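Engineer: Take a look at the following structure, please.
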Amino acid sequence: MATATAVATGLEKPVSILDKLTYPVALVASLSIWFLAVGAPLWLDETLAYWQVSGGFGKIWSRSARMPSSIGYLYTLWAAKSLLGSSEIALKIPSTIAMLGAVYFLFRAARELFDLEFAFLSCIFFSLEYNVVFAATDARPYAFALLATNIAIFAFVRWMTRRQMRDAILFGAAAAGILYFHYLFGAILPAFAIYYLVARYRSIKTDMRQLAALLTSFILVAFPLVFRVVGLYQSKATHVVQELRHP
C-alpha cells in the first residue's frame, strides 16, 4: 500500500506543476501579442507629442499649452527620449512598461477581492483587449492613464478592506494622478465616491481622519494641474479679448 501511494503521489506531481504553470504561461502569451505592433510608424498625435518634448525639458510646459496634452505623459516621454533615444520603438517603450504595471496592479486588486485563478484570468482578458494592446504599443498617454487608474483601484480596494491610513493616502494621490495623464479617465472618480457612500455611509464619522488624509493627498497632488488648467483658460480668454478689441 505504501508503494502504491508513493507511485500515485509521484504521478500527481507533474500534473499539479503543469496546472500551476498554465495561467502564468497563458498570461505571458497574451502579453507577447503586444509586441506584434510595436514597430508601427507614429501617428499624427504621437508625432505632435514628440515635437512637444523635442525642445527640451524647459519648453514642455509652453509647448503643451499650444496644443493641450497630457502633461504627466509629456515629461515621462521626455525622460524616455533622453535615456533611450528618439527612435519610434524607444518612444513606445514607456507605454509598454506602463501597461505592464497596469496589469500588475490589476492582478493585485483582483487578488485582494477574489482568488488567484480569477486574478490571472482578469489579467489575461485585460491584456488581450484590443484597446489595451493598442495603448501598450503607441506613444500616447493611455497606458499611463490605465496604470494610474489601476493603482487607484488597487489602493481603493485595500483601503475599503483593511481601513489603513497609508492606503487612504495612496488612493488619494493615485486618484489625482489619473488626471495628469488623461482627463477622461477621471470619470471613474465619481464611481469611487458613490461606492464608498453606498458601502460606508453609516461609518463616515469613524472614517473622518482617513477621509481628511485622502482628500489632502488628492488636493496636494492635483493642485499643480489645477494651476495649469486655470492658466491655460486665462491665456485663451486674454487672447480672445485681444482679438475682439483688435479684429
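Engineer: With each pseudo-label sitting 7 Å past Cα toward Cβ, what's the Arg200-Thr22 distance in nm, one decimal?
Structural biologist: It is 3.8 nm.
Engineer: If r is the Cβ-Cβ distance from Leu189 to Leu84 and R0 is 35 Å, what FRET efficiency results, to the nearest 0.05?
Structural biologist: For R0 = 35 Å, the calculated efficiency reads 0.60.
Engineer: Quick one: order Val28, Val133 from most to least accessible surface, probe 1.4 Å.
Structural biologist: In descending accessible area the options line up as Val28, Val133.
Engineer: With θ set to phi - 60°, apply the Karplus curve 6.51 cos²θ - 1.76 cosθ + 1.60 along the stretch 201-208 and write out the HN-Hα couplings as whole Hz, x wherever there is a Gly or Pro.
Structural biologist: Whole-Hz 3J(HN,Hα) from phi for the stretch 201-208: 4, 7, 10, 4, 4, 5, 8, 4.
Engineer: Which whole-Hz ³J(HN,Hα) couplings does the stretch 153-158 yield from phi under the Karplus relation 6.51 cos²θ - 1.76 cosθ + 1.60, θ = phi - 60°, glycine and proline marked x?
Structural biologist: After applying 6.51 cos²θ - 1.76 cosθ + 1.60, I find 4, 4, 5, 5, 4, 4 Hz.
Engineer: Here's something else I'd like to know. Can you give the FRET efficiency to the nearest 0.05 for Leu116 and Arg163, using r as the Cβ-Cβ distance and R₀ = 30 Å?
Structural biologist: According to the calculation, E is roughly 0.80.
Engineer: Separate question: For a quick check of understanding: with a 1.4 angstrom probe and all protein chains in place, what accessible area in square angstrom does Thr161 have, to the nearest ten?
Structural biologist: Only protein atoms counted, so the area is about 80 Å².
Engineer: Could you grab the relative contact order for the stretch 76-229? Cα pairs under 8 Å, six or more apart, rounded to a whole percent.
Structural biologist: Worked out over the stretch 76-229, it gives 21 percent.
The values are calculated or read from the model by the stated rules, or taken from the named source; none is laboratory data. All figures in this text were calculated on a predicted structure; none of them were measured in a lab. So basically every Cβ, Gly included, is an ideal-geometry build from the backbone, and we count neighbours across all protein chains shown. These accessible areas exclude ligands, DNA and RNA; they are computed on the full protein's heavy atoms, side chains included. Shrake-Rupley method; radii C 1.70, N 1.55, O 1.52, S 1.80 Å.
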